[in-house]
Amino acid sequence: MNKKIVKLKIKRRDKPDAKPYWQEFTIPYKERLNIIACLQDIQRNPTTQSGESVNPITWDCNCLEEVCGSCTMLINGKVRQACTALIDSLEQPVILEPMSKFPVVRDLQVDRSRMFENLKKVKAWVEIDGTHDIGAGPVMSDKVRAQRYALSECMSCGCCLEACPQFSLTNNFMGAATFSQVRLFNLHPSGSMLKEERLDAVMGEGGITDCGNAQVCVEVCPKSIPLTESIADIGRQTTLQTLKNIFMK
Amino acid sequence: MPKRKKKIIVIGGGLTGLSLAMKICERNAEVVVVSYQSLKRSHSVCAQGGINAAIDARNEGDSPENHFYDTVKGGDFLAHQPLVRDMCYQAPAIIHLLDRIGVAFNRTGEGHLEFRRFGGTLYSRTAFAGATTGQQLVYALDEQVRRFQHDGAVETLEWHEYLGAVLDSQGVCRGAVLQDLRTNTVFTLAGDAVVLATGGPGQVYVRSTNSTVNTGAAATMAYLQGAKYGNGEFIQIHPTAIPGPDKLRLMSESARGEGGRLWVPRKAGDARPPKSIPDSERNYFLEEKFPLFGNLVPRDVASREIHDIVYNQNLGIAGEPMVYLDLTHKSKDYLEDRLGGIIDIYKKFTGEDPKDVPMKIFPAVHYSMGGLWTDYEADGNGMIEHGSPRNQATSIPGLYAGGEADYQYHGANRLGANSLLSCIYTGLMMCRGIFTYIDNQDKSVDDIPSTTFGDARNHWESRLNEIKAMKGSENPYQLHRDLGDIMMGNVLIVRENKKLEKTIREIDDIKTRFKDVNCVDSTDWANPTPSFINQLYCMIELSRVITKGAIMRDEFRGAHYKPEFDLKQPSDFDPHEYINYLEKKNYGEVSEKAFPEGHLEYMKRFEANNENWLKSTVAEYKNNKPEISYEPVDTSIVTPRPRKYD
């Protein structure tokens, strides 16, 4: 591999309803380059490999250290964050594409608002009496805390949904990220007070029973969140809830 | 006072914006949260180590009063004291609230909150959620705001940028000019008050621990519209970050709070692998120089020491500008549980595991103590009158600021784990005062002629059109890099007047080159370039505020280090001597013999320096440049004295 330059092939689209097209770029190699640094390099010299002046690439990013979840895209076909994708470990030309399961806004930028709408559907929050000072929170074992923390690291990046064979642009499947949040809040002593409402929300259309158990979600999660455990756990919780609904209502 | 519900526009979806929005919803007013990106992705997520509150869970004798003292001392006594004290007294309630809304704080064996050590204090005062505390706090507050959103109480305008305030003929802020970052259309939003919770300006330096959105543009826009900007020259350089070509990634102070040690090989240029260097041949420079605080000296002190080790003593690792941050003596399980988040970051970006090999780190621009000048009202008992409309008010009526965007709380140097606190504290605290402000208005926003809004919109529309039409030869992204290089060169840890004067001239060159910018993208859908060029304009103006403030402040205070004005504290000096000296002075002449040799002279120098320089810097935009004046600091609670950490 020629270390002096980096070759990139980028799938572009000017507007949501416009046709996508490809462009190739060559930038000088530097140590520790990641995809964001490459895209920034193109901003400073927006010229394709063939010498054509073009608009710089549009993409989302913010923290550049994989905690904000912004810069998810397909890199050599694999969904991941661009900030932690280091050139030294990527085959060239590096192929960049926007995620395919969310509507494209422009170039590599997509609209992930569906993820946040799903969080509303499952009431992914702890209902509190108010923000005034009413003393300490509930006592909780550190073991439960550790379990919750692992789930709470979900940055709504969308990797699990992009990889999921069940999740598509046109259906309303909620996906692993959402199910895992149900588990997170059902594990909290006061959060569990909305447990039944949350379970009801994932028992309808697009809910947990639509999961085909492909188990790819957990493989692509950049935060190693135990998503398949969450799915299994919510599966159990909803089964119990179904029985409860039959006998108690 | 309007009969309808009050309407408040909150710019920014980080910790300050979210906590304020939550509070406003609770008080049954209308709130619009404007965010440059999706909520949940703000820079607050980058905060790692924790949030301070003197709950004294470990029975060490800590108290909010100690927290207050450590904070003003850490800030070299440049912070207005009643505000700091009120914040420290509110801190335990804030932690409890965060715990109640579900933050996964680490816990003790009995299931209570766990606390750890942090810099600038001897107490375990920092509550934490692994090493991604900021992220966890943002998520929990975001969830509360989403809950209100679900109930229809809050409107969110994500992917919208704040361009400026709508000012009426009296100069009162009546709303905000916004740009939709998808359609690129400009419009105005009327509100009874506007709050800037827009974070810090790290992008002025380009490479820092900050996120890409941290341009400081919103606060700078307010400054350009006439708001005062305070203490701009006080930029915190964090001692421990991973050097990198695009970003200097933070390695949390909590690494040292959990026992991490800084060291370099004793022999210059020693290129042996770190694990093969025996303890006796390692220089644990902070522990040696500061036996009391050790690796947990405040950030300004640690960064200066690293700079000294690397550049004056030439002891950087293998001659490079780096030192070791070593955690390898701690158990792997412990590190994974307490610091997993930063260990992952280090591994992903360097390929090395800090559990096995010491990290290589260097200081990086991290936080701005300075920001928009904001007011407050003390209650006369060393606390804040929470209902006062003056709290967090900028000098433009109706325009408020909080979080990193304001200049309060941290003085000349911020202590670790106090930023999450000041962000949430300001967000929660300012709510009542804003309501009072709205109630006190004779004229409401409903009485303002629509032309005021139309004019503001037209102004910004044509401004962006002008930018789009710029077809010069300078690439704006490259120009930004060049500005960053200039600022990194001379407005960092060590500051010298000659170099700062040169920096001002270099910034002027950048300003000239800006006129020749080429707007490399002039399309009209989701086009970030015109917006970036406008932000670049702001960053250039803000770099002038920072640099001019630095030139004029001829002293050494906190993060602002001018070696020329170092007061040279004697190594055996005890800060209590200064209190003793002040008392003796009250009773008449102080004899030279009352103190060890050289100490009286030093204390006189210290006293004289405080008379000259214990004051806030205030920059105002006049005649197209920053005009600097100074204001007294409220030191009514503890007497400013020399800092000492050894």
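Quick note: the coordinates plus some simple rules give every number you see, no bench work behind them. Because the structure is predicted, anything quoted here is derived from the model rather than measured. No Cβ is skipped: glycine too gets one built from the backbone with ideal geometry, and neighbour counts run over all protein chains shown.
Can you give the angle from 0 to 90° between the axis of helix A:35-44 and the longest principal axis of chain A, with both taken from C-alpha atoms, to the nearest 10?
For helix A:35-44, the angle is close to 50 degrees.
How crowded by other chains is B:91-98, given as the mean number of beta carbons from other chains within 10 Å of each beta carbon?
Other-chain Cβ atoms within 10 Å of each residue's Cβ, averaged: 3.
Return, in residue-number order, each cysteine of chain A whose C-beta is not under 4.7 Å from any other cysteine's C-beta.
Among the cysteines of chain A, those whose Cβ sits 4.7 Å or more from every other are A:C38, A:C83, A:C154, A:C157, A:C159, A:C164, A:C211, A:C221.
Let me know the shape class of the stretch A:91-154, please: from the alpha-carbon gyration tensor, a ≥ b ≥ c as square roots of the eigenvalues, rounded when a/c is under 1.5, otherwise prolate if a/b is greater than b/c, or oblate.
Prolate, since a/c reaches 1.5 and a/b exceeds b/c.
Would you kindly derive the ³J(HN,Hα) couplings of the stretch B:256-265 from the backbone phi angles with the Karplus curve 6.51 cos²θ - 1.76 cosθ + 1.60 (θ = phi - 60°), listing them in order in whole Hz, with x for Gly and Pro?
7, x, 8, x, x, 10, 8, 7, 9, x
So what is the 222 nm mean residue ellipticity for the protein assembly as shown from helices alone, if each DSSP H run of at least 4 adds -39500 (n - 2.57) and you divide by all residues, rounding to the nearest 500 deg cm²/dmol?
Counting only the DSSP helices, I get -11000 deg cm²/dmol.
Given R₀ = 35 Å, FRET efficiency for A:D88-A:V144 by Cβ-Cβ distance, to 0.05?
Computed FRET efficiency for A:D88 and A:V144: 0.30.
Near A:G235, within a Cβ-to-Cβ distance under 11 Å, what is the net charge of the other residues, with Lys and Arg +1 and Asp and Glu -1?
In short, 0.
Starting from the Cα gyration tensor of the protein assembly as shown, take the square roots of the eigenvalues, sort them a ≥ b ≥ c, and report rounded, prolate or oblate (rounded when a/c is under 1.5, otherwise prolate if a/b is larger than b/c, else oblate).
Verdict is rounded for the protein assembly as shown.
Would you mind calculating the relative contact order of chain B from Cα pairs under 8 angstrom and at least 6 residues apart, reporting the percent as a whole number?
20 percent
I need the peptides B:130-142, B:343-355, A:102-114 ranked by packing, meaning the mean over residues of other C-beta atoms within 10 angstrom, with the highest value on top.
The packing order, highest mean first, is B:130-142, A:102-114, B:343-355.
Take the Cα radius of gyration of the stretch A:5-110 and divide it by 2.2 N^0.38 Å, with N its residue count; two decimals is plenty.
This ratio for the stretch A:5-110 stands at 0.98.
Would you calculate the separation in nanometres between label points at A:K78 and B:E466, each defined as 7 Å from the Cα along the Cα-to-beta-carbon direction?
Between A:K78 and B:E466, the simple spin-label model gives 4.9 nm.
Can you compute the FRET efficiency between B:E336 and B:N586 using 1/(1 + (r/R0)^6), with r the Cβ-Cβ distance and R0 = 56 Å? Round to the nearest 0.05.
Here the calculated transfer efficiency is 0.50.
Rounded, prolate or oblate: which fits chain B, taking a ≥ b ≥ c as square roots of the Cα gyration tensor eigenvalues, rounded meaning a/c under 1.5, else prolate when a/b beats b/c?
rounded
Considering amide H positions built from the backbone, and no H for Pro or chain starts, which residues 5 or more places from B:F556, or on another chain, come under 5 Å of its amide H?
Those lying under 5 Å, H to H, from B:F556 are B:K562.
For the protein assembly as shown, give me the percentage of DSSP beta bridges that are antiparallel, rounded to the nearest 5 percent.
If we restrict to bridges inside the protein assembly as shown, about 75 percent are antiparallel.
Within the stretch B:122-168, report the GluC sites (Glu not before Pro) that DSSP leaves as loop and that have at most 11 other Cβ atoms within 10 Å.
none
How about the stretch B:495-575: which chymotrypsin sites (Phe, Trp or Tyr not before Pro) there are in a DSSP loop, with at most 16 other Cβ atoms within 10 Å of their Cβ?
Those satisfying the criteria are B:W525.
Given DSSP loops and a limit of at most 15 other Cβ atoms within 10 Å, what is the longest stretch of chain A that contains no such GluC sites (Glu not before Pro)?
A:128-204
Take every DSSP beta bridge whose two residues both sit in chain B, then give the antiparallel share in percent to the nearest 5.
Of those bridges, close to 70 percent are antiparallel.
Given +1 on the Cβ of Lys and Arg, -1 on the Cβ of Asp and Glu, and no further charges, what dipole in debye does chain A carry about its Cα centre, rounded to the nearest 20?
320 debye
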